1. So for the chain: antiparallel DSSP bridges make up what percent, rounded to the nearest 5?
2. Taking the Cα centre of the chain as the origin and placing charges on Cβ (Lys, Arg +1; Asp, Glu -1), which of 101, 7, 47 is farthest toward the positive end of the dipole?
3. Under the definition of Cα pairs under 8 Å and six or more residues apart, what whole-number percent is the relative contact order of the chain?
4. Output wanted: per-residue J couplings in Hz (rounded whole) for region 15-25, from phi through Karplus 6.51 cos²θ - 1.76 cosθ + 1.60, θ = phi - 60°, x for Gly and Pro.
5. So, in Å, what gap is there between the alpha-carbon centers of region 52-125 and region 1-34?
6. Taking the Cα centre of region 2-121 as origin, work out the dipole magnitude from +1 charges on Lys and Arg Cβ and -1 charges on Asp and Glu Cβ, in debye rounded to 20.
7. Keeping every protein chain present and rolling a 1.4 Å probe, give me the accessible area per residue for the chain in Å².
8. How many percent of the accessible area of the chain is carbon or sulfur, using a 1.4 Å probe?
Amino acid sequence: QVQLVQSGGGSVQPGGSLRLSCAAVISAYTRPYMAWFRQAPGKEREGVATISTDDTITYADSVKGRFTISKDNAKNTLYLQMNSLKPEDTAMYYCAADFRWWKATPLNPSGYDYWGQGTQVTVSS
């Protein structure tokens, strides 16, 4: 099993930056596939970025060139660096983890068994 504890988020003006963190407490031996998702009011949860156990990365088209996903294996911590933020990035952000090593559609939220508590990101002027 894995317990995910998120930190970061907050309010920022358009063009600003934020960094989200997700600390994973893992009882199983295998490192999980990890990802960031977001959900705005009235919209479905959507994938933002994913990173596999061998560091293969997938980004949603809407965040390419602006967001960077990374992880520190020694600290068991996942990060999302968000630059050039736009109002449409406003959402509740969730980190997620799964122990299946390969995913045909990494940005699909149905492929993840474990979820963080969520943290709000608000981008407005």
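1. Numbers: 38 of 41 bridges.
The antiparallel fraction comes to roughly 95 percent.
2. So the residue furthest toward the plus end is 7.
3. Working: 304 pairs, mean separation 45.4, N = 125.
Dividing the mean separation by the residue count of the chain yields 36 percent.
4. x, x, 10, 9, 10, 9, 10, 9, 8, 9, 9
5. With region 52-125 and region 1-34 each reduced to a Cα centre, they are spaced 8 Å.
6. Working: 12 positive and 10 negative charges, 26 e Å.
Value, rounded to 20: 120 debye.
7. Working: 6640 Å² over 125 residues.
About 53 Å² of surface per residue is accessible.
8. Numbers: 3200 of 6640 Å².
Summing carbon and sulfur atoms, their accessible area is 48 percent of the total for the chain.
The values are calculated or read from the model by the stated rules, or taken from the named source; none is laboratory data. Remember, it's a predicted structure, so these values are computed and weren't measured experimentally. Ideal geometry is used to build each Cβ from the backbone, glycine not excepted, and the neighbour counts take in all protein chains shown. Note: accessible area is taken over every heavy atom of the protein model, side chains too, but ligands, DNA and RNA are not part of it. Shrake-Rupley method; radii C 1.70, N 1.55, O 1.52, S 1.80 Å.
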